[in-house]
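Please read the structure below before turning to the comments.
The values are calculated or read from the model by the stated rules, or taken from the named source; none is laboratory data. For clarity, every value in this text was computed on a predicted model and none was experimentally measured. Neighbour counts are summed over all protein chains in view; Cβ atoms, including those assigned to glycine, are modelled from backbone coordinates with ideal geometry. Areas reflect the complete protein model, heavy atoms only, side chains present, ligands, DNA and RNA absent. Shrake-Rupley method; radii C 1.70, N 1.55, O 1.52, S 1.80 Å.
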Amino acid sequence: MNLIEKSKQHLWLPFTQMKDYDENPLIIESGDGIKVKDTSGKEYYDAFSSVWLNVHGHRKKELDQAIISQLDKIAHSTLLGMTNVPATELAEKLVEIAPPALSRVFYSDSGAEAVEIAVKMAFQYWQNLGQTKKQKFISVKNGYHGDTIGAVSVGSIDIFHNIYGPLMFENYHTPVPNVYRHPSEDPVQCSEECLENLEKLLAENHESIAGLTVEAMVQGAGGMIVMPEGFLSGVRKLCSKYDVLMIVDEVATGFGRTGKMFACEHEAVEPDLMAAGKGLTGGYLPIAVTFTTEKIYKAFYDDYENLKTFFHGHSYTGNQLGCAVALENLRLFEKDWIVEQVADKTDFLRELLENIKELDHVGDVRQLGFMCGIELVLDKTTKESFPFESRTGYKTSLKMRELGLLTRPMGDVAVFMPPLVSTKSELNKMTAIMKEAIETVTKEEVQRLDQTGV
């Protein structure tokens, strides 16, 4: 068997209907800069940063060398009851760049685990303090926080989560301000209505609520919904008012993606707990972190026999290779002014996306820094969506692949999240491919629907 046949025979890919893969298989063999190459030698722009991870491009010499240098010392030792050199140094650096209130770092292997840890910490915090009634959580509707059961339980995307309903713990839900889909299209009114709804929920139930989970400024997997100004800071004020822990998910938005080191900085929000990952190692190795405050940390600090220990951990927690490359990644952030680069190129990218917004079947373009979503609609005036079974977003991504660009849609929202080092020339080329693919596929799909009378 060749590699394609082997992949069809043995693999089960994440978030993938394998029938789709069998019809359109792809195996990546190598990468260089912001491009990757498949086993047939074809190159593609990595326009979603290998699922929102990549910062400096592939085969970055400094990151490669950081791993090689660490291998000369040790690849891994446990963090259970002891620490190691790069994990300790990285924790110091992370606290230095995090929002000021966050002083403690707990390592894990993925964003989902980082959220799961935050949820468990928030729950046990109140138990350790003797406030045992505070057991529930509030989820922001349409939110996504990962695919472990705890993270799924505080998420709210029906297509991903409904099937697991019997496994999930119950919580409360509060609406997200989706300005494009709000009748008024007024960001202020949209935000205020959502905050009023949240306050009503908190006023009635805060004594039983341990925490609230929310993505920072942008809902990623939910369709790149950019929150209007003032919403996130409004959530912070309400959590403080009603004594509920605020858990901010920065897994997708953190490490420069939105033009700030962390997206909550856009509104000077300091969470009680914060999950981060993805860009932490520059897209090289699986390291994630859960930040928390000294106040929460101290609620667990006691004599062992009082059983306030946080009984949680993973085999590769604080892995030396991952922490070493993360340290080098953050050094490159400073050396190459990565966050400032993203902020500087944001307006240029916005102009490019405006050209796409003019297309007949692009209803909305949402952007914060290098985190962008392009919503495809059947009717631009009425905002009517394409039929679900049309899979217009998926077909568009296949067309982009054919034209030399890789991304992964969220339903009929085309995602554009390029590596942070992408040049203006590269951004121009990538958005041109996206525009061509969107224009071609939506036109064909409208014609097909007309012919079938749908």
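Assorted remarks:
- Residues of segment 1-20 satisfying the condition of being in contact with a Ser or Thr (Cβ under 8 Å, 6 or more places away or on another chain) and either closer than 30 Å to S422 by Cα or of a type in the set (V, I, T) (or both): I4
- Qualifying residue in segment 133-141 (condition: out of contact with any strand residue (DSSP E or B) (no Cβ under 8 Å at 6 or more places or on another chain), loosely packed, with under 15 Cβ neighbours inside 10 Å and either farther than 25 Å from S208 by Cα or at pLDDT 95 or above (or both)): yes
- Segment 223-266, residues that are β-branched (V, I, T) and farther than 16 Å from V115 by Cα: I225, V226, V235, V244, T258
- Being open to solvent by 10 Å² or more (accessible area, probe 1.4 Å), assigned to a helix (DSSP H, G or I) and among the acidic types (D, E) is a property that does not hold for E170.
Quick grid of which residues meet (1) touching a helix residue (DSSP H, G or I) at 6+ places or on another chain (Cβ under 6 Å); (2) in contact (Cβ under 8 Å) with a residue 12 or more places away in the chain:
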residue	(1), (2)
D186	no, no
C190	yes, yes
E199	yes, yes
E204	no, no
S208	no, yes
Q219	no, yes
G223	no, yes
F231	yes, yes
M246	yes, yes
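- Count - residues of segment 295-354 that are acidic (D, E) and touching a Lys or Arg at 6+ places or on another chain (Cβ under 6 Å): 1
Residue-wise test of (1) at pLDDT 95 or above; (2) part of a helix (DSSP H, G or I); (3) open to solvent by 70 Å² or more (accessible area, probe 1.4 Å); (4) in contact with a helix residue (DSSP H, G or I) (Cβ under 9 Å, 6 or more places away or on another chain).
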position: A414; (1), (2), (3), (4): yes, no, no, yes
position: V421; (1), (2), (3), (4): yes, no, no, yes
position: S425; (1), (2), (3), (4): yes, yes, no, no
position: I433; (1), (2), (3), (4): yes, yes, no, yes
position: A437; (1), (2), (3), (4): yes, yes, no, yes
position: T442; (1), (2), (3), (4): yes, yes, no, yes
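- Some residue of segment 231-239 being surrounded by fewer than 24 Cβ atoms within 10 Å (Cβ to Cβ) and either at positive phi or in a loop (DSSP other than H, G, I, E, B) (or both): no
- Within segment 17-41, being surrounded by 13 or more Cβ atoms within 10 Å (Cβ to Cβ) and either of a type in the set (K, R) or under 19 Å from the mean Cα position of the chain (by Cα) (or both) holds for K35, K37.
- Criterion applied to K357, K308, K335 was being open to solvent by 40 Å² or more (accessible area, probe 1.4 Å), under 24 Å from G223 (Cβ atoms) and of a type in the set (K, R), and the one residue passing it is K357.
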